[in-house]
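One structure is given here, and the rest of the page talks about it.
The values are calculated or read from the model by the stated rules, or taken from the named source; none is laboratory data. What you see is a predicted model, and the numbers here were worked out from it, not measured in a lab. Positions of Cβ are generated from backbone atoms using ideal geometry, with glycine treated the same way; all protein chains shown enter the neighbour counts.
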Amino acid sequence: MSAFVSLDNVSHAYGGEVGGTLAIEGLSLAIDEGEFVAVVGPSGCGKSTLMKLATGLQFPFKGEVQVAGEKVTKPVKIAGMAFQAPTLLPWRTTLENLLLPLEIVQPHRREIRWRRGEYAARAKNLLTSVGLRDQGDKYPWELSGGMQQRTSLCRALIHEPQLLMLDEPFGALDAFTREELWCVIRDLHAARKITVILVTHDLREAVFLADRVFVMSSRPGRIVAERRIDLPRPRDLEVTFTQGFQDIVHELRSHIVKARQ
Amino acid sequence: MTRTALIIKLSPWLFTIALLVVWEASCRIFKIPTFFLPPPTAIAQAFVDYSGPLTRNSWITLETTLIGFALAVGFGMLLGLLVGWSRTIYAGLYPLMIGFNAIPKVALVPILVLWFGIGFVPAVLTAFLISFFPIVVNVATGLATIEPELEDVLKALGASKLDIMRKVGIPRTLPYFFGSLKVAITLAFVGSVISESVASNNGIGNLMLQAQAQFQVPLIFAGLVVLAIEGIAMYAAMAILERRMTGWAQRSGFAQT
């Protein structure tokens with residue numbers, strides 16, 4: 001089976017090929033369908049560039065990016081994205097915020113005018129599944145930081161994307177809320193068999209959630225290590241306190257330390 | 001309502017009355033001649049004596065201002081969207097706009113008179129020219145500050161630039177836009193009154209100029225009062241509009257306390 005997302009010997013620079021800043025260089029990566037992959041690395045190593053390349057927001061000057069068997073030449077549309085900042089629209093209620101992607105992406109865009117009730121019901125179900133039942137009519141600024149981030153996740157999932165891209169989505173949350181949301185993501189991934197790429201610099205988060213963890217070098221970014229996480233699923237938060245878990249985190253940490261030098 | 005809250009609520013009126021009392025008293029005690037500084041009672045008398053011309057001219061000034069302001073809103077919104085839409089247009093137009101805004105608008109009145117003759121048209125155009133700039137700047141600022149992450153989320157779904165503008169850019173700009181209206185309406189009054197005083201036979205500006213020529217100082221002050229009332233009324237109207245249209249942007253208690 002060929003990979004669902006693959007980057008083949010990809011290089012990308014900002015500010016032109018010649019004289020620009022090389023963000024990633026000769027990076028190769030293959031992700032299977034339904035796999036949960038985490039990418040970790042020192043800050044400024046081009047993790048976010050990786051996200052932009054895989055979603056078709058930017059294109060490499062060398063190498064090839066493929067998603068779902070096709071070369072990426074325009075925004076892929078089958079991806080949902082969530083970032084560290086929830087970036088919800090303050091003039092829309094939580095529910096209306098969820099409907100935003102459906103107003104953009106086809107075929108929903110055509111149909112939402114006639115089937116708004118149906119779509120709203122779907123959005124409500126999704127909110128319920130992340131523990132935000134009955135919060136749909138509130139405005140984002142009436143929600144806590146964790147609730148806003150849940151909403152942002154829902155917005156990334158509402159159009160049932162095959163690929164979910166998460167760029168440090170829990171970076172701004174407190175430790176308890178973060179662990180709560182790990183479980184939300186874990187369950188969503190288990191329920192939907194969706195392919196997830198998580199960019200993070202929290203190693204515990206990467207190990208707890210991912211099937212495979214990739215370690216990137218500092219700029220220009222390359223993959224310097226790959227670690228399969230064999231911890232059995234479904235994983236409970238308790239697993240993060242076991243020796244096996246700690247050993248993997250420790251091992252990854254040593255890669256990062258090397259990558260920073 | 002507590003005592004303090006009541007006092008705060010009444011304080012604008014108390015302060016105004018106090019000002020008028022001090023003013024009246026000073027005029028009487030120091031025997032200031034009416035042609036130098038008329039007391040409030042003399043100004044009130046002027047309102048009674050000249051109620052006809054004052055009413056007629058205040059309507060003319062208000063109409064002139066509002067037409068100029070409406071032009072500024074339409075044009076300013078369009079230009080702001082254009083400038084916010086493209087970096088090239090922004091780079092090209094911004095220095096020009098700064099240069100234009102630096103020109104004192106009163107210096108344009110003679111040219112407008114040359115083109116359109118004295119009267120209504122130059123006054124409307126002066127009001128327009130002086131008030132569109134803050135609208136342009138604010139609309140463009142609203143567009144320029146869209147979060148890049150949100151843009152990425154939507155672009156990855158295949159959103160066009162127009163989609164992003166409609167769903168995010170324009171709604172996001174509205175608080176800036178309505179905020180700028182409060183500044184713009186005040187400036188529009190400045191523009192119309194300047195032009196009326198320099199080149200018109202109508203309007204409060206012209207009335208004040210004539211009153212000055214005839215040494216009717218209380219009438220000059222009555223003209224000022226009319227302008228203040230119209231200015232406050234329009235400012236309040238814009239503030240109410242702002243609150244109604246963009247209540248979501250004013251949730252902070254910061255400005256209220």
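Among the candidates A:Arg219, A:Arg227, A:Arg212, the residue that is modelled with pLDDT under 85, more than 14 Å from chain B (Cβ to nearest Cβ) and within 27 Å of A:Pro60 (Cα to Cα) is uniquely A:Arg219.
Scanning the stretch A:161-173 for residues that are surrounded by fewer than 20 Cβ atoms within 10 Å (Cβ to Cβ) and either touching a Leu at 6+ places or on another chain (Cβ under 9 Å) or modelled with pLDDT under 85 (or both) yields A:Glu168, A:Gly171, A:Ala172, A:Leu173. Of all the criteria given as (1) closer than 21 Å to B:Thr246 by Cβ; (2) out of contact with any Phe, Trp or Tyr (no Cβ under 9 Å at 6 or more places or on another chain); (3) away from chain A (no Cβ under 14 Å), the one not satisfied by B:Val113 is (1). Every test in (1) at negative phi; (2) within 14 Å of another protein chain (Cβ to nearest Cβ) is passed by B:Ser58 save one, and that test is (2). With a requirement of 2 or more residues that are under 21 Å from A:Met81 (Cα atoms) and aliphatic (A, V, I, L, M), the strands (runs of 3 or more DSSP E) lying completely within the stretch A:167-261 that satisfy it span A:195-199, A:212-216. Among the strands (runs of 3 or more DSSP E) confined to the stretch A:1-107, the ones with at least 2 residues that are under 30 Å from A:Glu118 (Cβ atoms) and touching a Leu at 6+ places or on another chain (Cβ under 8 Å) are located at A:79-82.
Residues that are surrounded by 17 or more Cβ atoms within 10 Å (Cβ to Cβ) and among the aliphatic types (A, V, I, L, M) number at least 3 in the following helices (runs of 4 or more DSSP H) confined to the stretch B:160-257: B:170-199, B:203-213, B:217-245. Being in a helix (DSSP H, G or I), touching a Leu at 6+ places or on another chain (Cβ under 7 Å), of a type outside the set (D, E, K, R) and away from chain A (no Cβ under 13 Å) is a property that holds for B:Phe128.
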